[in-house]
Amino acid sequence: MNIHEYQARDLLRRHDLPVPPQVVASTPEEAANAAREFDTPVVVKAQVHAGGRGKAGGVKLAQSVDDARARAEEILGMQIKGLDVRRVLVAPAVDIAREVYVGITLDRAAARPVLMLCAEGGVDIEEVARLTPEKIVRTHLDPVRGLQPFAARAASFQVFSEGRAALGLARVCLRLAAAFAALDATLVEINPLVVTTAGDILAIDAKINLDDNALTRHPKLESLRDLDAEDARERKARARGLSYIHLDGDVACVVNGAGLAMATMDLIQHYGGSPANFLDIGGSSNPEKVTTALEIIQSDPNVRAILFNIFGGITRCDDVAQGLLTVIETSPPRVPLVVRLIGTNEERAREMLAGAKLETASGMDEVVQKAIAAARSAGEAS
Ligand code: GDP
Ligand code: MN
C-alpha cells in the first residue's frame with residue numbers, strides 16, 4: 001500500500017526522525033492560513049502517489065501569504081502523472097546546504113532489507129542510480145538484529161566526511177531502520193534528507209510503502225489508504241476478496257492460485273498474446289467470486305477475450321461452472337470465454353457447461369492459444 005508524503009512524514013516523526021512541521025490544505029485559503037501560521041517562506045507541495053513532483057512543477061516555494069495562496073491554487077489544479085492533485089502540504093521552507101538520499105527497501109535477491117545512501121540526493125537520484133550506480137552505498141540489514149550502529153556509522157562516513165553530519169546521518173539511518181521494521185514496510189525513503197545552512201539535518205520528503213499482507217497487524221495504518229488514489233477495479237476486487245492487478249493487454253485471465261496465475265500470464269506472453277490482468281480468485285468454492293471477477297474484468301474496455309484456467313483442488317470445478325452459468329444467463333459476457341476446468345468435480349462441471357456458449361480446452365497450452373486466437377479475431381472484427 002502506497003501512502004501520501006504527509007502521512008509518511010507523520011509516521012516518521014513518530015519514530016523520532018527530524019521532520020519539519022506541516023499542514024495539509026485542500027483549498028488555496030487553507031494553504032494561505034498555514035503560511036501565516038508558519039511564517040514565510042514556506043514550501044507548497046502536491047500530495048499525489050507519484051514521485052518527481054518537483055520536476056513536474058508540484059513543489060513550489062512561496063515568499064508571502066499571498067504567494068502561498070497563489071502557488072496552492074496552481075498546484076491544486078494540476079495533474080501529475082495522470083493523478084489529480086486534491087491536497088497540498090504546506091511546511092516552513094528550509095535553507096538547504098546539501099541534499100542526500102536515504103532509503104531502506106527489501107533486496108529480494110539477498111533476502112534481506114538493504115540500506116541505501118547516496119551523497120547526491122534530490123530530484124536526480126534516478127539518473128544517478130542509472131548512470132553511476134557505484135555512488136549508492138548499500139548495507140544489508142540482519143533480518144533479526146536489524147541495522148547495527150557500527151554499520152550505520154560506517155555507511156554514513158562514506159557520505160559525509162565531517163563528523164557531526166556523518167553521526168547525524170547514522171542516527172537517521174538507525175531510526176529509519178526501526179520504523180521500517182515496526183511498520184512492516186517494504187520501502188521507507190527520505191529524498192532529500194538535507195543538511196541546512198545552519199548544520200541541522202532534516203527530512204523534507206518521505207515515501208513509505210506498506211506491506212499489504214502485514215496490514216492485519218496494523219489496523220490503524222489501513223486507515224491511511226487513499227481510496228481516491230487507487231484503481232477502482234483493484235479496490236472492488238480487494239473488497240470482495242480477490243487479488244486483481246490491472247495490466248495493459250487484451251486477454252483477461254481468471255485463475256485460482258497466484259502461481260498458476262503467473263504461469264498462465266507467462267504462457268500468454270509465450271504464445272504472443274498480452275494479459276489484461278493478474279487475477280487470483282483464491283482457494284475457496286464460491287460462485288459469487290466468479291461473477292465479481294467477470295464484472296471487474298469486463299469493465300476494462302481493452303479486454304477482447306476471457307480465459308478461465310482453474311485447477312480444482314479446494315476450489316471445486318462445479319462451483320466455478322455454476323458461477324459461469326449464472327453470469328452467462330444474467331449478463332452474457334461481451335467477449336468470448338475460453339475455459340479450462342481441471343481437478344475436483346471436473347466431470348460434473350463439464351456436464352453443466354455442455355450447452356453453454358463458451359469454448360473449452362483441457363490442456364494449458366491449448367486453452368491459452370485458443371484465448372489468444374479469440375482475442376485476435378475479436379480485434380479484427382471491431
Ligand atoms: P519530489 O520531486 O516529488 O521528490 O519532491 P521533494 O519533496 O523531494 O522536492 C523536490 C525538491 O524541491 C527537493 O529536492 C528540493 O531541492 C526542493 N525543495 C523541497 N522543499 C524545499 C525547501 O523547503 N527549501 C528549498 N530550498 N528547496 C526545497
Ligand atoms: Mn523527493
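How many times 2.2 N^0.38 Å is the alpha carbon radius of gyration of the range 1-90?
Cα Rg divided by the expected 2.2 N^0.38 Å: 1.03.
Can you list the residues of the range 244-286 with backbone N under 18 Å from a point 7 Å past the Cα of Thr330, pointing along Cα to Cβ?
285-286
With the contact rule set at Cα under 8 Å and sequence spacing of 6 or more, what percent relative contact order holds for the chain?
12
Relative contact order, percent, of the range 21-92 when contacts are C-alpha pairs under 8 Å separated by at least 6 residues?
Dividing the mean separation by the residue count of the range 21-92 yields 48 percent.
If one computes P(r) from the Cα atoms of the range 128-179, what percent of pairs lie at distances over 13 Å?
59
Determine, for Phe150, Phe308, Phe157, the number of other Cβ atoms within 10 Å of each Cβ, and report the residues in order from fewest to most.
Phe150, Phe157, Phe308
Do you know the Lys pair count in the chain for C-alpha distances under 24 Å, with sequence separation 8 or more or different chains?
Going through the chain pair by pair, I get 18.
Okay, helix-only estimate at 222 nm for the chain: each DSSP H run of n ≥ 4 adds -39500 (n - 2.57), divide by all residues, round to 500 deg cm²/dmol; what do you get?
Rounded to the nearest 500, it is -11500 deg cm²/dmol.
Could you give me the ³J(HN,Hα) list for the range 84-97, computed from phi with Karplus coefficients 6.51, -1.76, 1.60 and θ = phi - 60°, whole Hz, x at Gly and Pro?
Result, rounded to whole Hz: 5, 8, 9, 9, 10, 9, 10, 9, x, 6, 10, 8, 9, 9.
Based only on Cα atoms, what Rg/Rh ratio does the range 41-171 have, Rh being taken as Kirkwood's radius?
Rounded to two decimals, Rg/Rh equals 1.05.
Kindly give Rg over Rh for the chain, based on alpha-carbon atoms, with the Kirkwood expression for the hydrodynamic radius.
1.07
How much length is gained on full extension from Arg164 to Asp365, taking 0.36 nm per residue of separation minus their Cα-Cα distance?
Value of the extension gain: 66.1 nm.
If you take all C-alpha pairs in the range 231-377, what percent of them are over 21 Å apart?
Pairs farther apart than 21 Å: 34 percent.
Once both labels are modelled 7 Å past Cα along the beta-carbon direction, what's the Glu347-Ser382 spacing in nm?
Distance between label points: 4.0 nm.
Where does the Debye-calculated log10 I(q)/I(0) of the range 96-222 sit at q = 0.15 Å⁻¹, using only Cα point scatterers of equal weight, no solvent?
Here the Debye-derived log intensity ratios amount to -0.68.
Apply 1/(1 + (r/R0)^6) to the Cβ-Cβ distance of Glu295 and His15, taking R0 = 51 Å, and write down the FRET efficiency to the nearest 0.05.
0.80
Of all DSSP beta bridges located in the range 213-316, what percent are antiparallel, nearest 5?
Bridges in the range 213-316 that DSSP calls antiparallel: roughly 35 percent.
How much length is gained on full extension from Ile96 to Asp200, taking 0.36 nm per residue of separation minus their Cα-Cα distance?
Contour length minus Cα-Cα distance gives 36.5 nm.
Project the alpha carbons of the range 144-218 onto their principal axes and report the range along each, largest first, in whole Å.
Projected onto its principal axes, the Cα set of the range 144-218 covers 43, 26, 14 Å.
The numbers here are math on the coordinates, done by the rules we state, and not lab data. Note that the structure is predicted; figures quoted are calculated from it, not measured. Note that we place each Cβ from the backbone using ideal geometry, even for glycine, and neighbour counts take in every protein chain shown.
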